[in-house]
Each structure stands twice: as structure tokens, then as C-alpha cells.
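One structure below.
The values are calculated or read from the model by the stated rules, or taken from the named source; none is laboratory data. Quick caveat, the model's predicted, so the values are computed rather than measured. For neighbour counting, all protein chains shown are included, and Cβ atoms are generated from backbone atoms with ideal geometry for every residue, glycine included. What goes into the accessible areas is simple: the full protein's heavy atoms, side chains included, and nothing from ligands, DNA or RNA. Shrake-Rupley method; radii C 1.70, N 1.55, O 1.52, S 1.80 Å.
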Amino acid sequence: MTETIHTLVIGGGQAGVATSAHLQKHGVPHLVLERDRIAERWRSWRWDSLVANGPAWHDRFPDAEFAGLDPDAFASKEAVADYFVRFASDRSLPIRTGVEVTNLQRHGDTFRATTAQGEIEARNVVIATGPFQKPVIPTVITDPTLTQLHSNAYKNPNALPQGAVLVVGAGSSGAQIAEELVRAGRPVYLSVGPHDRPPRRYRGQDFVWWLGKLGKWDAKAPTPGTEHVTIAVSGAYGGHTMDFRRLAGLGVTLLGRAGAYDDGVLQIADDLATNIANGDRNYLSVLDEADAYATAHGLDLPEDPQARTLLPLPRCVTDPTLTLDLAAAGITSVIWATGFQLDFGWIDLDIFRPDGRPRHQDGVTEVPGLYFVGLPWLSCRGSAFIWGAWKDAQRLAGLIAARGSA
């Protein structure tokens, strides 16, 4: 039996919930399908102690605040997931959980989605499955004695075997996991690639506030070569600037990017000092731009000269390790904090680029009635964030409503 609906939204995370809310406001009949629970990735694809990287006043939908949480606090992963569940429940959004779409095709002027519970036909489809789809592990380490897992499967230090840990990738996830491990008394090696490193707070304001004032969240496209440069920032332990010098001071051994592995030895690129320097350059540039903005707009904000004081470079940076014998270093676990790839193999439509990303203009594809929301850089830098998905969903819901039923 085939079910018919005006608009089908696939994915019940932040992007799907936001899309549903806006479709509801427009009076558009729709259905959201989620293969697990609402916002499941926040619950099961995150480590136990994770908190949001932005304060609660920022990392939310404009239509609802976090219940019982200080606006300047950083919500736990469970609190974030509960927020979306409560948001959907309070508005009676039509979200059907436990239903996975295994195939999407175009049939004439409509779409047909296949699920284990039957087929659904829709005039419009919004793909809201988010950016965290297929974990990426770029280097093969063929050692069966090692525990290897992607950051999406890491839970806590006690869940790993005793011994040193190699964390590959120093964006927010990798850097935070490395800090948690070293605070738990583990010997930690952290492979650091290119990254941006904004200040947690500057002149009394959080960095998310500054990026908004400086227009960086609304940037329409990344500068060449920075599409995959990660942001190293943390809301853990009350929120702090992610300074790799400080991590080294805690006992973390910093490494350059991980390379080839052979016979127990991992090759390390000689790029650590460059990556640290470029991260520092990004950090200082945000301070410069913030100062210029404050002056230009006459903002009465306290000076913060200490923010420009950088700790000395640790020896692991000035005398870098270029080959790492894992056994000799006592490494028993490797955590790959190396990001994700998109996985749209279930969509049977010719709308994808060679790199797997969909062809679209601000979420609108060349196929009438097919839309994407929640992807990085969908319409701007903020598109993959909670409030960014809300903004994109609002625009796309308006376009869907304007299409009508004809």
C-alpha cells in the first residue's frame, strides 16, 4: 500500500525538526521520517561527557529556549537531544520514528520513498539527514592488537583498554577527547592538522557572538582551500579556548598529520609547527577584527590584552616526532576524529557531484520539489548549526508553500 503526503521530510534531527516547524507554520501537510529516535545522533554518536560547543543562548532555535539551563552554560548532549524531542512534542510535529527510507526515486511529477513499512509518495521531499553520515578513517593501521574506533563510537576513558591513546584529528572532537583522556591520566598522542582556533571568549563576549557581529556566520562560501578546515573550540569544563600549547602542558604529545603505516610504525608529516602557526594566526586575526569592530561601532567592552599572550612552543612542536612506533609508545588504542562523508547512495537521482555532494543552490536542487537542509555551507557558513538549519528551513518551507499543490 502506498501512502500519499504533500511533503516528505527525511531525517528527524535538528534540520528535520526545524523544517517540520516551518512547514507547520505555513499549513503545509507533511510527514517527517526518522530511522531512529529524534536527534538520535546527539545521544548515541557522541561521547558521554560531550557538551555543545556554543552557549545555550546561541545553540538553539529562536522559538524556544533550553529549559532550566543558564543561557551562558553549555548544554550536555542529552539536554540537546531532549530539547529537540520537547520542541517537537510541544508543537505536535508529525514525526514518525523507527522508519528508515532505503530508496528515493522520481516517478513522474512526484517522488516515491521506499521503507520497510511501505512506500510513500510525495510532491516535495526535503533531505534533512545532516552532515554526520559515514565516518571517515583515512589511514589503514593493520594491527589486530590495537583498539581502533571512530570518534562517533568513543564513550569515555574507562571504555578503552589500559595504555596510551593516539587521537588522530584535532578539531573540536579530537581536541576535546584528547583533553578528557589526559585529564584521566592517560598518555595521549594527538595528531594535529590544519585548523581554525577562535578564542572562547574575548572582551567579555563568546566567540559565537563575535562571529555573528563580524558577519562570519553568514559567509556565503569558504575561501579557497578552507572547505574542510575544522574549528578547534570547546564548551567542556565551563568553556575555554582550545590552546594546543596548554594541552601539551597537560601531557599531550602533539604530532603532525598522520601518514602511512607499515610494520608497526606510523609516518608523521613534518607540518605540526606550520599547523600550530596557522591556527595562531587565525586566533589573532579574530582578535584584530573584534578590536576593529568594537572601535568602529563604539562598543564599551573591556580590554583583554592577556588574550594575545601565547605560551612558549612545547618541545614536541620544536623537535617534532616524524615516525611513531606504536608499540614502543605503549599505544593500545587509536581514536579517529577525522570527520564524516555524506552517504546518499539510497537516493536514485542524478543530482550528485563526483565528491558525493548534491548539486543545489542554497538547498534547492535542479529537480523540482527536491530540497536539502542541514548540510555544511548549504547557504552560508552557519547552515549546519542548529540556528543555521532553522534559518535555511524557514526559507525552504516558504518555497514549498509557494509551490502549492498544483
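For this structure, a couple of remarks:
- Every test in (1) in contact (Cβ under 8 Å) with a residue 40 or more places away in the chain; (2) open to solvent by 30 Å² or more (accessible area, probe 1.4 Å); (3) of a type outside the set (Lys, Arg); (4) not in a loop (DSSP other than H, G, I, E, B) is passed by residue 78 save one, and that test is (1).
- Test for residue 286: is it in contact with a strand residue (DSSP E or B) (Cβ under 8 Å, 6 or more places away or on another chain), modelled with pLDDT of 95 or more, in a helix (DSSP H, G or I) and crowded, with 20+ Cβ neighbours inside 10 Å: yes
- Those residues of region 24-51 which are hydrophobic (A, V, I, L, M, F, W, C) and in contact with a strand residue (DSSP E or B) (Cβ under 8 Å, 6 or more places away or on another chain), in sequence order: 28, 31, 32, 33, 38, 50, 51
- Test: residue in region 292-306 that is closer than 30 Å to residue 138 by Cβ and aromatic (Phe, Trp, Tyr): no
- Residue within region 141-159 that is charged (D, E, K, R), farther than 17 Å from residue 45 by Cα and out of contact with any Lys or Arg (no Cβ under 6 Å at 6 or more places or on another chain) present: yes
- Strands (runs of 3 or more DSSP E) contained entirely in region 177-264, each with at least 3 residues that are open to solvent by less than 10 Å² (accessible area, probe 1.4 Å): 188-191
- Considering residues of region 333-358 that are surrounded by fewer than 18 Cβ atoms within 10 Å (Cβ to Cβ) and within 30 Å of residue 147 (Cβ to Cβ) only, the residue nearest to the chain's Cα centre (by Cα): 340
- Pick from region 121-144, criterion open to solvent by 40 Å² or more (accessible area, probe 1.4 Å) and modelled with pLDDT of 95 or more, ranking: farthest from residue 384 (Cα to Cα): 121
- Members of region 362-393 found to be closer than 18 Å to residue 12 by Cβ, out of contact with any Phe, Trp or Tyr (no Cβ under 8 Å at 6 or more places or on another chain) and not in a loop (DSSP other than H, G, I, E, B), listed by number: 371, 372, 389, 392, 393
- No other residue among 31, 50 is in contact with a Lys or Arg (Cβ under 6 Å, 6 or more places away or on another chain) and modelled with pLDDT of 95 or more apart from 50.
- Pairs linking a residue in region 94-123 that is of a type in the set (A, V, I, L, M) to a residue that is open to solvent by 50 Å² or more (accessible area, probe 1.4 Å), with Cβ atoms under 6 Å and 6 or more positions apart or on different chains, are 99/117; 120/3.
- Index of the failed condition, residue 96 passing every other in (1) open to solvent by 40 Å² or more (accessible area, probe 1.4 Å); (2) in a helix (DSSP H, G or I); (3) of a type outside the set (A, V, I, L, M); (4) closer than 23 Å to residue 372 by Cβ: (2)
- Positions within region 58-70 being touching a residue at least 24 places away in the same chain (Cβ under 8 Å) and either loosely packed, with under 15 Cβ neighbours inside 10 Å or touching a Lys or Arg at 6+ places or on another chain (Cβ under 6 Å) (or both), in sequence order: 62, 63, 64
- Unique residue being charged (D, E, K, R), under 23 Å from residue 173 (Cβ atoms) and assigned to a loop (DSSP other than H, G, I, E, B) when the list is 300, 350, 355: 355
- Tally, over region 43-57, of residues that are buried (at least 21 other Cβ atoms within 10 Å of the Cβ) and in a loop (DSSP other than H, G, I, E, B): 7
- Set 363, 404, 382: member being at positive phi and buried (at least 22 other Cβ atoms within 10 Å of the Cβ): 363
- Residue among 21, 88, 73 that is at pLDDT 95 or above, buried (at least 16 other Cβ atoms within 10 Å of the Cβ) and part of a loop (DSSP other than H, G, I, E, B): 73
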